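Novice: Starting off with a structure, shown below.
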Amino acid sequence: MAANLEESGKTKLMLHIFIDADACPVKPEVYKVAERYQLPVTLVANSWMRIPNDRLIALEVVGAGADVADDWIVEQVKTYDIVVTADILLADRCLKKGAQVIGTNGKPFTENNIGSAVATRDLMAELRGAGEITGGPPPLQKRDRSRFLHQLDEIIQTIRRNNPKKHN
């Protein structure tokens, strides 16, 4: 959660990274970037999973259910926080709360592209329901991981650069 901390008379913005963790393939990349910037990370999942033994990394296990993890993230996320998810509807909800959202493939969700992403998602669901399309998204490639690392780093730097209280 974005928190403002007092540090020797200056307000310090504390970014927080939330991961929609159940099927997230880029958790190690998030840990790497978060460690570099000393940012807290919360993984949100429907079941327990192993996480690094690090004071900045936490696991929030929520109840079972389709949108329980999404709802928890939306309740916690604040402006200047970052959410990592492949879930387009969760991305839309987080953008409405002022968070930055990045897909697991490294592509950011923005106010400019979320409408078409939701429409495409709905169309694909309809085609899958009609049996026209089978299978899921392609596996993550090395270039996707590289794009993700670059994009996450860029988002963090942009938030810090554009925030007048950027003393972190």
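The values are calculated or read from the model by the stated rules, or taken from the named source; none is laboratory data. Quantities reported herein were computed from a predicted structural model and do not represent experimental measurements. Cβ sites come from the backbone with ideal geometry, for glycine too, and all protein chains shown count toward neighbours.
Novice: List every residue pair whose Cβ atoms lie under 6 Å apart, where the two residues are 6 or more positions apart in sequence or sit on different chains, the first residue falls within the stretch 70-88 and is modelled with pLDDT of 95 or more and in a strand (DSSP E or B), and the second residue, located anywhere, is of a type in the set (S, T, N, Q) and buried (at least 21 other Cβ atoms within 10 Å of the Cβ).
Specialist: Short answer, once both residue conditions are applied: ILE82/GLN100.
Novice: Right, another one. State all residues of the stretch 22-47 that are more than 17 Å from ASP70 (Cα to Cα) and surrounded by fewer than 13 Cβ atoms within 10 Å (Cβ to Cβ); if no residue qualifies, say none.
Specialist: Matches in the stretch 22-47: PRO28, ARG36, GLN38.
Novice: Hey, any hits in the stretch 95-103 for a residue that's hydrophobic (A, V, I, L, M, F, W, C), exposed (fewer than 14 other Cβ atoms within 10 Å of the Cβ) and not in a loop (DSSP other than H, G, I, E, B)?
Specialist: Among the residues of the stretch 95-103, not one is hydrophobic (A, V, I, L, M, F, W, C), exposed (fewer than 14 other Cβ atoms within 10 Å of the Cβ) and not in a loop (DSSP other than H, G, I, E, B), which makes the answer no.
Novice: For the stretch 94-130, give me the residue count where each residue is modelled with pLDDT under 65 and hydroxyl-bearing (Ser, Thr, Tyr).
Specialist: Within the stretch 94-130, residues that are modelled with pLDDT under 65 and hydroxyl-bearing (Ser, Thr, Tyr) number 1.
Novice: On the basis of being out of contact with any His (no Cβ under 7 Å at 6 or more places or on another chain) and either of a type in the set (Phe, Trp, Tyr) or at pLDDT below 95 (or both), does ASP153 make the cut?
Specialist: Values: out of contact with any His (no Cβ under 7 Å at 6 or more places or on another chain): yes; either of a type in the set (Phe, Trp, Tyr) or at pLDDT below 95 (or both): no.
Judged against the criteria, ASP153 is not a match.
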